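J.: Quick one: structure below, then a few questions.
The values are calculated or read from the model by the stated rules, or taken from the named source; none is laboratory data. Remember, predicted model here, so these are calculated numbers, not experimental data. Every residue, glycine among them, receives a Cβ derived from its backbone with ideal geometry; neighbour counts consider all protein chains shown.
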Amino acid sequence: MKNQDFKKLAREALADHRMARGYKMRLFLKKKLAVFSTLVLLLIVLSAIFAPWVAPYPDQGQGEINLEDRLQPFSKEHLLGTDIYGRDLLSRVIYGGRISVFGGIFIVIMAALIGVPLGLWAGYQEGVSGAIIMRAVELVLSFPSALVAMGISIVVGAGSMTALIALVIPWWPWYTRLVQGEVLSLKNMLYIEAAQMLGYGRFYILFRHLLPNILTPVIVMMLLDVGPAIIAIGVLSFLGLGTQPPHADWGLMVWNGSQNLLGEWWIAIVPGFAMFLLVTVFNIFGDTLKDILDPNQS
Amino acid sequence: MSLILFTFKRLVALVGLLLVLSVLVFFFSRAIPGDVAALYVGGNAKPEQIERARLELGLDKPLSTQYLRYMGKLFQGDMGLSLRTHRPVLKDLAEKIPMSLELVILALAIAVLSGIPIGGIAAIKQDTWVDELIKWFTAAAVSLPIFFLALLLQLVFFDQLGWFPLQGRLDSMLEFTHPIELVTGFSFVDSLVTGNYRALFNVAWHMVLPVAAMALGPLGFIARLTRSSLLEVMKQDYILAARASGVGEGVLYFRYGLRNALSPILTVIGLMVALLMLNTFFVEMIFNWPGIGYYALISITSLDFPALMGVTFTIGTIYVLANTATDILRRMVDPRIK
């Protein structure tokens, strides 16, 4: 074949590749529920990022007390009512969304950053170090993860950062376990052997040859984990082990509101519903992406 | 490996795991800031009393000695005295555990017994409106934070509709007129064997909301898993062969398909038990149910360290036992697992 033919082939392959990409996008757009969820998700994420500009009462969102307007129901001034300190609930919910949105993503990313390299190593390098890693994984996974996180928060002292780190600690082994399994099934394949034969280093093979091939299940797992991570943050802060007042956090707001449930129900229900909404749209978004990215798995 | 050998190995591993757990919890809970001796004698104690309590509880010894002493007593069935209730922790636990297990077992039974058929129906009716409806329902079920769901149930079914009681285990009137005699600690069983039917119905009535709050999440999870697992199995050749030879659809799904789809579902049941044990914390707090979850929360906030050890041991044991039982069950259902 002449050089020209190669170029033509390459161009066609590239076009096919782009088509395939567009095809996945179109698959996604065809699912109305997924598109709607993505829009809601975007709305929540953007309002969390731009909270100081979006919230009608940014100061109250950050904790300023406004005793004149205590316990107000929905109204024009306060679209979602006010809480026991007279703070505008919409502003509180927008500010509280920050820890839920970014905390959830933070936990999942940190868990993957710790878990994936360890899994690569444990799968590729059978031997003492790999065995130690996998025993550690089993050990951590055999304890109720929420209890571990609660214990850490209690010992170290409650706070939003402590809560996030306390949740990463029981979370990473899931990634190690997933990646280790994938590596075990890949590492005897011919292309890996070829790479070893060519004298590539261990780390080069791990990150250059193995990692790209196991990225899809890892990303799928990450997508599906954000929802549960958001709930886990809420659980800790509901127990007073997360964000501390006067900062806003949905779990904490539900807890505070539960004291007034039978009169001013909105104080607990509004942040609770916000959490439910965010987790739902994240789950639907993740599920749909999973079906598209990893059609064999679903 | 034979099933018996496997079970034996798992049990040995289980004991080792519990030992590790005990070490971790012991040193962990002693790292919590707070003076155990001062907590034991209460707020207005004189310094000498605190010192005496310190000697009495062996707190002057090094931590490792204290741990060994604790473990020695544990094997004799002594978990020490609760710093808060001043009763033996074991007695507290024996009273609280059945209360929680009642909720957990019921919720698990509901979740499994309705989750599997719901998921099965969704798989059979794949891509119809039934499937879509179930998808919505289960997506909502797994996304509801338990504490929010519990409050929502209270708001709707007590405050608005008035169908079910707000909280508690028994009407306070009945506590006096028809108290439940303590036989096993399970209020259902106890009121049944003593023929206390008024209490039985009252307890059942009180249990509806907490059990519903606990069951919904696992139900959605199991239904989703059943659907995807069953759809996976239905792609297999043997199903095609069975269908070709004229086996009815119902038999095909529920006899040939489901059995092979069951293995991943059984795997998560252990996980579900763990989730349910944790959810007792919230549900019992919100519904004022006198179980181990509520007890654990109070122990945490009051730094009641012996009680905390006891609770962690209990929950850890239940968790590990559930996982082991699941593994054994899986092997019995699915002989392909090696």
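J.: Of (1) closer than 29 Å to B:Thr138 by Cα; (2) within 13 Å of chain B (Cβ to nearest Cβ); (3) not β-branched (Val, Ile, Thr), A:Gly263 satisfies all except one. Which?
T.: In the conditions (1) closer than 29 Å to B:Thr138 by Cα; (2) within 13 Å of chain B (Cβ to nearest Cβ); (3) not β-branched (Val, Ile, Thr), A:Gly263 misses (1) alone.
J.: When you scan the stretch A:281-293, do you find a residue that is within 9 Å of chain B (Cβ to nearest Cβ), of a type outside the set (Gly, Ala, Ser) and in contact with an Asp or Glu (Cβ under 8 Å, 6 or more places away or on another chain), even just one?
T.: no
J.: For a quick check of your reading of the model, give me the residue pairs whose first member lies in the stretch A:281-295 and is acidic (Asp, Glu), whose second is assigned to a helix (DSSP H, G or I) and surrounded by fewer than 18 Cβ atoms within 10 Å (Cβ to Cβ), with beta-carbon atoms closer than 6 Å and at least 6 apart or on different chains.
T.: A:Asp294/A:Thr216
J.: Quick one: which helices (runs of 4 or more DSSP H) sit completely within the stretch A:81-182 and have at least 1 residues that are in contact with a Gly (Cβ under 6 Å, 6 or more places away or on another chain), hydroxyl-bearing (Ser, Thr, Tyr) and closer than 24 Å to B:Phe313 by Cα?
T.: none
J.: Could you check how many residues of the stretch A:59-76 are in contact with a helix residue (DSSP H, G or I) (Cβ under 8 Å, 6 or more places away or on another chain) and either of a type in the set (A, V, I, L, M) or surrounded by 12 or more Cβ atoms within 10 Å (Cβ to Cβ) (or both)?
T.: Going through the stretch A:59-76 one residue at a time, the tally reaches 6.
J.: Let me ask something else. Restricting to the stretch A:112-155, name every residue that is surrounded by fewer than 16 Cβ atoms within 10 Å (Cβ to Cβ) and more than 14 Å from chain B (Cβ to nearest Cβ).
T.: Residues satisfying the conditions are A:Leu113, A:Glu126, A:Gly127, A:Val128, A:Ser129, A:Ala131, A:Ile132.
J.: I've got another one for you. Against the condition over 24 Å from A:Gln72 (Cβ atoms) and aliphatic (A, V, I, L, M), how does A:Ile267 come out, does it pass? It would help to see each step written out before you state the result.
T.: Values: over 24 Å from A:Gln72 (Cβ atoms): no; aliphatic (A, V, I, L, M): yes.
Considered against the rule, which asks whether it is over 24 Å from A:Gln72 (Cβ atoms) and aliphatic (A, V, I, L, M), A:Ile267 comes out as no.
J.: A further question follows. Looking only at the stretch A:183-226, count how many residues are out of contact with any Leu (no Cβ under 8 Å at 6 or more places or on another chain), farther than 28 Å from A:Gly242 by Cα, in contact (Cβ under 8 Å) with a residue 60 or more places away in the chain and not aliphatic (A, V, I, L, M).
T.: Within the stretch A:183-226, residues that are out of contact with any Leu (no Cβ under 8 Å at 6 or more places or on another chain), farther than 28 Å from A:Gly242 by Cα, in contact (Cβ under 8 Å) with a residue 60 or more places away in the chain and not aliphatic (A, V, I, L, M) number 1.
J.: Do we have any residue at all in the stretch B:92-107 that's under 21 Å from B:Val41 (Cα atoms) and either buried (at least 17 other Cβ atoms within 10 Å of the Cβ) or of a type in the set (D, E, K, R) (or both)?
T.: Scanning the stretch B:92-107 turns up at least one residue that is under 21 Å from B:Val41 (Cα atoms) and either buried (at least 17 other Cβ atoms within 10 Å of the Cβ) or of a type in the set (D, E, K, R) (or both).
J.: Related question: Report, by residue number, each residue of the stretch B:1-52 that is more than 12 Å from every other protein chain (Cβ to nearest Cβ), within 16 Å of B:Leu303 (Cβ to Cβ) and at pLDDT below 80.
T.: B:Asp35, B:Val36, B:Ala37, B:Ala38, B:Leu39, B:Tyr40, B:Val41, B:Gly42, B:Gly43, B:Ala45
J.: Confirm whether B:Ile298 is within 11 Å of another protein chain (Cβ to nearest Cβ) and assigned to a helix (DSSP H, G or I).
T.: Judged against the criteria, B:Ile298 is not a match.
J.: Scan the stretch B:295-315 residue by residue and report those that are surrounded by fewer than 23 Cβ atoms within 10 Å (Cβ to Cβ) and under 30 Å from B:Leu266 (Cβ atoms).
T.: B:Phe313, B:Thr314
J.: Of all residues in the stretch B:107-158, how many are in contact (Cβ under 8 Å) with a residue 40 or more places away in the chain and either touching a strand residue (DSSP E or B) at 6+ places or on another chain (Cβ under 6 Å) or of a type in the set (A, V, I, L, M) (or both)?
T.: Number of matching residues: 21.
J.: Given the criteria among the basic types (Lys, Arg) and within 14 Å of chain A (Cβ to nearest Cβ), does B:Arg224 qualify?
T.: On the way: among the basic types (Lys, Arg): yes; within 14 Å of chain A (Cβ to nearest Cβ): yes.
In short, yes.
This table checks each residue for (1) farther than 13 Å from A:Ala122 by Cα; (2) surrounded by fewer than 19 Cβ atoms within 10 Å (Cβ to Cβ); (3) more than 14 Å from chain B (Cβ to nearest Cβ).
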residue	(1), (2), (3)
A:Gly159	yes, yes, yes
A:Thr162	yes, no, no
A:Pro170	yes, no, no
A:Glu182	no, no, yes
A:Glu193	yes, yes, yes
A:Arg202	no, yes, yes
A:Ile205	yes, no, yes
A:Arg208	yes, yes, yes
A:Pro212	yes, yes, yes
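J.: A further question on this structure: Of the residues that make up the stretch B:85-105, is at least one more than 28 Å from B:Gly291 (Cβ to Cβ) and either in contact with a helix residue (DSSP H, G or I) (Cβ under 7 Å, 6 or more places away or on another chain) or touching a residue at least 60 places away in the same chain (Cβ under 8 Å) (or both)?
T.: Checking the stretch B:85-105: not a single residue is more than 28 Å from B:Gly291 (Cβ to Cβ) and either in contact with a helix residue (DSSP H, G or I) (Cβ under 7 Å, 6 or more places away or on another chain) or touching a residue at least 60 places away in the same chain (Cβ under 8 Å) (or both).
J.: Report yes if some residue within the stretch B:170-181 is under 19 Å from B:Lys96 (Cα atoms) and either touching a residue at least 60 places away in the same chain (Cβ under 8 Å) or within 14 Å of chain A (Cβ to nearest Cβ) (or both); otherwise report no.
T.: Scanning the stretch B:170-181 turns up no residue that is under 19 Å from B:Lys96 (Cα atoms) and either touching a residue at least 60 places away in the same chain (Cβ under 8 Å) or within 14 Å of chain A (Cβ to nearest Cβ) (or both).
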